[in-house]
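Any read-out appearing in this document is the output of simple, stated calculations on the displayed coordinates, not a laboratory observation. None of these values were measured; they are calculated from a predicted model. Because the Cβ atoms are built from the backbone with ideal geometry, glycine has one as well, and the counts that use them run over all protein chains shown.
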Amino acid sequence: MNFPILTVNIRYENDTVGARQRARQIARLLGYDAQDQTRIATAVSEIARNAFRYAGGGRVEYSVETGSHPESLVIRVADNGPGIADLDRILEGRYRSATGMGLGIVGTRRLMDGFAIESTPSAGTTVTLKKNLSRRSSGLDGASILRIAEQLAAEKPQDAFSEIQLQNQELLRTLEELRKRQDELKRLNRELEDTNRGVVALYAELDEKADHLRRADDLKSKFLSNMSHEFRSPLNSILALSRLLLDGVDGPLNSEQTQQVGFIQRAADDLYELVNDLLDLAKVAAGKVEVKPVEFEVANLFGALRGMLRPLFLNQSVSLVFDSAEGLPAVFSDEGKISQILRNFISNALKFTERGEVRVAAHLSDGDQLVLSVADTGIGIAKEDQERIFQDFAQIENPIQKRVKGTGLGLPLSRKLAHLLGGEVHLTSEPGAGSTFSLAIPLAYRTETPREPLAEIIPRPGVQPVLVVENSDETVLLYRKWLDESLFQIVHARSLAEAREALGRIKPVLIVLDVLLRGEESWRFLESVKHSSVTKDIPVLMITTLDEERAAYHLGVSGYLRKPVDPQKFRNEVRRLTAAQSLERILIIDDNDRDRYLLKHWLRDANVLVMEASSGLEGLAKARQEKPRVIFLDLAMPGMSGFEVLEQLKSDPVTSPIAVIVSTSMRLDAGDRERLSVHAAAIMSKEHLGRDEALHAVRQAVENFLLAP
């Protein structure tokens, strides 16, 4: 029998929040635990939102189905909209619209025990959701359900703010659980600190390790995948409102208010970044893993594995041996995933080998295939079990198995990762004679698109190249924006191989270096830069998420910043580290102290040395002595006017090459402009002069000077 409890009409957007609240209340009254309450509320919220967004409204009916096995809560969401045209593709997970439709339906189906959907253009769409009752809640009769309905009617609906608070509490509980898991990873990192390379490589693999944890906790990952977009809306609002306040749109804030709003904005930024990270983790758990190929040496890979596994190697009766990998060619593939596969092989071998050795080796096969093998003298695996161990959660019964911990996911995951890399995993084994696990992969990962060549790196005239070694295009875009209109040109290298190529073609005034580059680590690159007679004098600014400041300064960096980077701190560090190499001098000739101060302030990001003169005579003397590249010249000055100064500058062979930019508040007629245009590089009005205009004028004047015959 089906006993109705409540019907909620969806006419306004706030009604979707009410439907979610009622779903949580009904689930609580029916005895569902906290996790199931959240799953049910999330599923109702998603489908009700679809009904409002795509059909303009609908209704949500809550009822209890008894007499069947199992008994269940039934929720029907119906609308009279245009129906769903791509329903089959959506249910198969192959359709995504620009608005995200399809993702929510697939996610909702996973959250519930029963899911059915009917959709026609004439009759609209009806979605039926079912969640099985627990044993202690089953056996409800009509009277019990009536009492639940009465209790529900007595409960006052909460407002939208309270609902957001509940969602935040759910997020905090989830984040606390993730924090505990992160603490466990940090404990493991401390055990691996015997070698620096092992620690750095482990940091590079944290996402891969987190993937293993997420697969063991699949329900939580699905919850995050379906809920995270609900957290983005209030966070976007907080960030937008904070920016409005800081920009002073409705009036300036005092210093204390600016600091307080700044704290709010930074906290919201941190939470927004965390929500995005959780989304990325959920994508990995759903199988959306990106292959990030880099060029690396097998010998370096073995060195990192040796450093990471040494602290875990406690059995003195077993030897862990790495054969020499010298002479093998460089590999272009995902080093992090290959390392993860080999770690699974080695850790399994160490677990099930009581005495003897575990040997790690590499050799070429068929010219373009690299075979990495892990051989042990352990218990071996019977032939009938050799395929079963590659199934999820499968484990072989053995006395040793009872003494060691495992999830049964390492080998299945290793095989899937091998397939992603275009390779295969092979096993040869006999009981009592040991096992050999092999990974065969192509020397060069075959991408659908060719490897992107290093961008054109010939510096423009008058600018100074800054080599940025960073695999994130978004980060480099920020750096370019922060140095826009300065006399610096960013040369972007996405890998260490590209960075070495760039250093072979140019000598930058600064290297901006990240530590982790898609599985590569840049410590050895930093060492090579500082030990080379050609590059050792180039300052290095390291910008990373890692807390490795002491090690970085020990290896010779000149500056160190932690991500996320403040734009002004970045510009200050670039100016500080390149000050000794500054090539451009600028002279401001103006009797107005305020105008000189403003222009000097605008030019502070251009990496130039600014000099000042308060009169025409003083300006002529400094121009002859200092020989600046550019002069900003005012026209209306007492004693000697700007017109006279310009004529004397251009008549003197010492100062005639200097580019002169006239900056004046005078109203110039056609005759004045014609007279000035003979010698001035540019004529600018002080009324419209700002930072961007000043920087652009300087750079244009310098480029024109260097390109002149």
How long are the three semi-axes of the equivalent ellipsoid of the range 2-158, in whole Å, if each is the root of 5 times an eigenvalue of the C-alpha gyration tensor, listed from largest down? 26, 17, 14
C-alpha center-to-center spacing [the range 531-600, the range 623-668] in angstrom: 31
Overall form of the range 471-518 per C-alpha gyration tensor (a/c, 1.5; a/b vs b/c): oblate
Given labels modelled 7 Å from the Cα in the Cβ direction, how far is it in nm from R667 to H601? 2.8
By average Cβ neighbour count within 10 Å, what is the ranking of 499-509, 655-665 from highest down? 655-665, 499-509
Taking 0.36 nm per residue of separation and subtracting the Cα-Cα distance, what length does fully extending L91 through E474 add? 134.5 nm
Once you've got the Cα coordinates, tell me which of K292/K416; K600/K627; K337/K507 are over 23 Å apart. K337/K507
Obtain the nm distance between the two label points defined at Q568 and E118 by a simple spin-label model: each point lies 7 Å from its Cα along the Cα-to-C-beta direction. 6.4
Please work out how much length the chain gains when fully extended from S532 to V291, using 0.36 nm per residue of separation minus the C-alpha to C-alpha distance, in nm with one decimal. 83.5 nm
Which FRET efficiency value, to the nearest 0.05, is calculated for S614 and K650 with the Förster distance at 30 angstrom and r the Cβ-Cβ distance? 0.90
Between Q700 and L246, what length comes free when the chain is fully extended (0.36 nm per residue of separation minus the Cα-Cα distance, one decimal in nm)? 160.1 nm
What FRET efficiency, computed as 1/(1 + (r/R0)^6) with R0 = 41 Å and r the Cβ-Cβ distance, is obtained for E13 and L561, rounded to the nearest 0.05? 0.45
Pairwise FRET efficiency - Q259 versus K180, Cβ, R0 = 35 Å, nearest 0.05: 0.60
For the pair L328/E155, report the inter-label distance in nm, with labels modelled 7 Å from Cα in the Cβ direction. 6.0
